[in-house]
Amino acid sequence: MSAHSLLPPRSGASSRSRSSGYPKPALVLLACGAAAIPLLAACSSSAPQVSAATTKTCQQVQAVLSDGPDPGADKVGYAEAQILPLRQIHTASPVLRSAISGLADAYDRFFASNGQSAAATSAVAAAAARMNKLCPGAGATA
């Protein structure tokens, strides 16, 4: 569809005129709108597909993290309960493996400090955020 068929002709414009007969702002808006359509389509496309193996690993992480003491009531006990089960999860993805190991290590340091180390608490928060980014809904808590 051409720009001429989208906008009504400007009054007094002849078909032989060198200009299109449309005000310049209308042409700019039309051109910008046409250029934006592919960009908007790209932004609205669904997220990249996650492999079945990654989905399975994320489900395992979620199952581990949903088990054990209530993290709100007993943060140290919760951390202790997560260490070994997290270490038993295996995945082919190096990124996911690193995140799981990092979370287990952070929980281990938090448990070793009996929840008294600010550095261990920060490490748990960072590792939990990374895990939740890679596996949305995993439920990693700080």
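Here, each number is a calculation from the coordinates, and none is a lab measurement. As the structure is a computational prediction, the values presented were derived from the model and not from experiment. We place every Cβ from the backbone using ideal geometry, glycine too, and count neighbours over all the protein chains shown.
In what order do 124, 76 fall by count of nearby beta-carbon atoms within 10 Å, going from fewest to most?
Numbers: 124 27, 76 17.
Ordered from fewest to most neighbouring Cβ atoms within 10 Å, 124, 76 come out as 76, 124.
For residue 59 and residue 119 in the same chain, what is the full-extension length gain: residue separation times 0.36 nm, less their Cα-Cα distance, in nm?
On the way: separation 60, 0.36 × 60 = 21.60 nm, distance 2.85 nm.
Extra length available between residue 59 and residue 119 comes to 18.7 nm.
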Exercise for the section: Using label points projected 7 Å from each Cα along Cα→Cβ, tell me how many nm separate residue 67 and residue 84, to one decimal. Expected result: 1.1
